[in-house]
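Comments concern the structure below.
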Amino acid sequence: MRVTGLPERLRTKLAGWLRRARVWLGLPVPGRPADSKYRRRLGQRAEKDAARFLKGKGYTILQRNFRLTDGEIDLVAFKDGVVAFVEVRSRTEPTDLDPLETVTHAKRQRIVRAAHHYAAFHSLSREDVTLRFDVAAVRYGPDGRLAEVQHVEDAFSG
């Protein structure tokens, strides 16, 4: 945002406040590289938006951020006898890179391992429920607003 018609000192102060507000809200800051704090906040925001989207589709969120030493599951959701392990991916600016394509083979293996640990810990058997691996792609526009959430069911096998 460009501020005009104000004294230089006030304009500089206002620009600083706006920059800090964008960082605090987890929005991209023009001219600033994506540091780890920004990426972490963006990831948390994307997980929150994906969870809201899935709830709107009738899913119940069982757990967020199930962590192991060698892997993590962003969201564990349940609907109609299916436990979905959801990997959330996000992008903030127009790019040719599809967030769904960023889930590498190694990442899929870590998700599958974590899902098997989750299923064992919660005594989920394949006779009782179906286990599935989904990906939720969350896209934000250049202004930082939520543009789209795309949910791909059964994105990969485990």
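The values are calculated or read from the model by the stated rules, or taken from the named source; none is laboratory data. All figures in this text were calculated on a predicted structure; none of them were measured in a lab. Positions of Cβ are backbone-derived with ideal geometry, glycine not excepted, and every protein chain shown enters the neighbour counts.
A count restricted to the stretch 1-49 and to residues that are in a helix (DSSP H, G or I), modelled with pLDDT under 75 and under 13 Å from GLY144 (Cβ atoms) stands at 6.
Being β-branched (Val, Ile, Thr) and within 30 Å of LEU25 (Cβ to Cβ) is a property that holds for VAL76.
Given the options TYR140, TYR118, name the one that is surrounded by 14 or more Cβ atoms within 10 Å (Cβ to Cβ), of a type in the set (Ser, Thr, Tyr) and more than 18 Å from GLY43 (Cα to Cα). Working first, answer last.
Working: TYR140 fails: more than 18 Å from GLY43 (Cα to Cα).
Within the list TYR140, TYR118, the selection yields TYR118.
Put simply, of ALA136, ALA155, ALA106, ALA115 the only residue that is under 17 Å from ARG52 (Cβ atoms) and either modelled with pLDDT of 90 or more or not β-branched (Val, Ile, Thr) (or both) is ALA136.
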